[in-house]
Amino acid sequence: MLVFVLATLVAFFLLAYLQAPLIAWTLAGGALTAYLGVIAGFGATTLWVLGALFVVAAALLNLAPLRRRLVSDPVLALFRRILPDMSATEKEAIDAGSVWWDGELFSGRPDWDQLLATPEPKLTPEEQAFLDGPCEEICALVNDWEVTHERYDLPPQVWQFLKDKGFLGMIIPKSYGGLGFSALAHSAVITKLSTRSNTLAVSAMVPNSLGPAELLLHYGTQAQKDYYLPRLARGQEVPCFALTSPEAGSDAASIPDHGVVCRGLWQGKEVLGMRVTWDKRYITLGPVATLVGLAFRLYDPEQLLGGKDDLGITCALVPAHTPGVEIGRRHLPLNAAFQNGPTRGKDVFMPIDWIIGGQEYAGKGWMMLMNCLAAGRSISLPASSAGGAKALTRYTGAYARVRSQFRTPIGRLEGVEEALGRIAANCYMMDAARILTAGALDAGERPSVISAIVKYHMTERIREIVNDAMDIHGGKGICLGPNNYVGRGYQVIPVGITVEGANILTRSLIIFGQGAIRCHPYVLREMRAAKELQGAQASREFDDAFTSHIGHTLSNGVRAFVHSLTGSRLAAVPRGAAPEMARYYQRVGHLSAAFAFLADMSMLAMGGALKRREKISARLGDVLSMMYLISATLKRYEDQGRAREDLPLIHWSVRDALWQAQQAIDAIYANFPVPALRALLRWIVFPFGTPFRPAKDRHNHRAARIALEPGAARDRLTAGMYLGKGESDITGALEAAFHATIDCEPVEKKLREAVKSGRLAARPGEDTAATARAQGVISDSELALWRRKEALRRRVIQVDDFPQDFGRAEALHRQAQEQVTAKAA
């Protein structure tokens, strides 16, 4: 009997772990039933009863028509009653984009070989030349203090350069006059521009993100493409996209802006058109736009288009000079100088062929927006965040080496080192996620859930980085001025947190809320069978999805339990992966099984109410997000040739992400709304307690050293950023001071030893180095090196001060002179 019990347990765990088919379960059950009959000594009647029960169970499990009739169809009927109807906009959001690596993470057993087999994303020679040429040139043209304090705009020559060099048409194919860049190149350009000026980056970012060009490429009529795309590529048109309204922010589908199909006069002729009324705000590039992409709900009360009355959300292209269009006023988002403002119109008549895609696409605007959102959201804000991370890693590390307190570079003080190590490690993980996601786009994916993950976590991590950077810079960071390279970034961080889906709702509603349906291998099939299919087709589809779903849940529960018992050592490791990364692959495999099991149990326990349990949903989303960020980090390590100098960055960032995922799971247990399941879930997923530990101090120390020391690791970490040219530029002076400080350390050592031995006296106000030279402690060349280092050090640690008007009068006078000169020219 003991052997029977053990055999049953082994069979159960083995079959569930391997997610074996029903026939395997049936054969194992038959063998165990026969063995039980032998060892138990049952009589003939009992054996017949036992055999009959087995045959019934086997038939129920393996004969699909019988299973459907007795099990699946009743469950389908119940499912149809309790499943809430999905609105058209919800359905379009769910259907948008594609499922990629997020689906593997949802499976409970990610195929690492598939991820590592994905080719490393690479720039073409033409794209690299653009980064090394026009991108460098335009960065050199921009003085961010002038932009954000004096002009509140880019200088005219910078705007012209953006247009002339094609920055506004990166996503437009060459056949229409654009650059035709890959997603990776688009991302790299925004990353580099962001290391110089947020205003510059946003001004180039918006025309290439969700807006007229993107929508035209996918949905425009040929006539619309032929007319507008060349003009957009040349910068002859400056586009904006007006979606957000005072009454509809994150809930963009509820926009109150509306249009009515009607007939009216246009250029002297009566045409079919629309009268549109809108009130939009927060529209980036709106104040200077010549072409407004406009989203509104379109109605057709007279059935002029031959359809229903409420056609739905519609997107149109409206020239800004159209009579009735109000545009030009500006918002001031936390002193950011990029053009942003409202646009309004009341009963503005426009021809029906201004709808993007023409009359055929009336009412299809939400579908168009959702399908295009993944690409823009995967590139713009992740790239600008990664750019900020690179700049702050390099600048903060340099400053922490140059700035000394207590006779020690502040970067060697453990409190500062802790923050600096976080900055560097987060920078590595962010850039890895940026590159992996851009590569997926170039491979043809449109990963809507992953786009939400990178938007949320990249903007949140840059918020952490800039906070750490401000702490390290101290007073240098809080005094704005031409010599402050941190403050404006600190100010503008909440803008990225807010736009393209406010982070607080992206985390609680979208990442898991959309992922649970879109990425789960069976949930969407079950929902479609219940709501879209009928009769035998619905019965077959639901039966297959439902029975597979049960096996999926059971398998992941067992896999999570087994991985906990074995310390994840049975989890898969990709073929040929770096041995030093093997445990991380296994840990994510454990997390994936635990996450998939918890997701299914949460949906089972809460049903449709899970949508309203946003805290639980957010924590499940956190687990999914951490797995994706770790996946990107491991992939980047492989793609970059396993540079061992980068290991501290990987160890810290991956361990930190594992810890955060574990904390989210622990919070799910603690707040699970079904008390009876709390202990069971904890016992299955982490029976011996939480297995992951926080990132170690030694990894943090080594990560900080990468930012504090010149070398290949530091250059690799901050590759693709703009480096200020010359010492007149504060960031160029900082880089020079960094190298001068390191070069001068042997000289400093000589001076300290001379003072300590009594050979040299260090008195306030005296030129100690000159005295040391006179006494032969240091040479002439060492004195010159010392003085250069000191001059650069004082330049770097200096903060700005201003006259009472903060220099506004002088700036206005200079701009007036420029205008006179320009008019004369």
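Remarks
- Working from label points 7 Å from Cα in the Cα-to-Cβ sense, the residue 60 to residue 120 distance is 5.6 nm.
- Placing pseudo-labels 7 Å out from each Cα toward the beta carbon at residue 781 and residue 659 gives an inter-label distance of 4.6 nm.
- Among 35-43, 487-495, 247-255, the order from most to least packed when residues are scored by Cβ within 10 Å on average: 487-495, 247-255, 35-43
- Among the chymotrypsin sites (Phe, Trp or Tyr not before Pro) in segment 669-778, those located in a DSSP loop and surrounded by at most 12 other Cβ atoms within 10 Å of their own Cβ are 688.
- Peptide packing: for 347-355, 184-192, the average count of neighbouring Cβ atoms within 10 Å per residue gives the ranking 184-192, 347-355, highest mean first.
- Contour excess over end-to-end distance, with Cα ends at residue 644 and residue 698 and 0.36 nm allotted per residue: 17.9 nm
- Cβ-Cβ FRET estimate between residue 818 and residue 335, R0 fixed at 22 Å, reported to 0.05: 0.50
- Heavy-atom accessible surface of segment 48-178: percent carbon and sulfur, 1.4 Å: 61 percent
- Relative contact order, percent, segment 132-250 [alpha-carbon distance under 8 Å, six or more residues apart]: 28 percent
- Protection proxy ranking of 620-627, 104-111, by the mean of other Cβ atoms within 10 Å over each peptide's residues and highest first, is 620-627, 104-111.
- Surface composition of segment 599-712: carbon plus sulfur atoms contribute 52% of the solvent-accessible area (1.4 Å probe, protein chains only, all chains present).
- Residues of segment 189-283: accessible area per residue with a 1.4 Å probe, Å²: 37 Å²
- Computing FRET efficiency as 1/(1 + (r/R0)^6) for residue 534 and residue 471, where r is the C-beta to C-beta distance and R0 is 56 Å, gives about 0.35.
- Accessible area expressed per residue, segment 358-448, with surrounding protein chains retained (probe 1.4 Å, Å²): 28 Å²
- Span-rule helices in the chain, defined as complete DSSP H runs reaching 27 Å or more along the axis (Cα) with Kyte mean at least 0.5: 582-606
- For segment 294-440, carbon and sulfur atoms together expose 48% of the accessible surface, with a 1.4 angstrom probe and every protein chain in place.
- Over the C-alpha atoms of segment 704-825, the Rg to Rh ratio, Rh being the Kirkwood estimate, stands at 1.16.
- Simple Cβ-charge dipole of segment 341-431, Lys/Arg +1 and Asp/Glu -1, about Cα centre, in debye nearest 20: 500 debye
- Compactness of the chain, expressed as Rg and Dmax over alpha-carbon positions, Å: 31.3, 113
- Solvent-accessible heavy-atom area per residue, rounded to whole Å², over segment 667-727 at 1.4 Å: 50 Å²
The values are calculated or read from the model by the stated rules, or taken from the named source; none is laboratory data. Remember, it's a predicted structure, so these values are computed and weren't measured experimentally. Positions of Cβ are generated from backbone atoms using ideal geometry, with glycine treated the same way; all protein chains shown enter the neighbour counts. Just the protein is used for accessible areas: all its heavy atoms, side chains included, with ligands, DNA and RNA removed. Shrake-Rupley method; radii C 1.70, N 1.55, O 1.52, S 1.80 Å.
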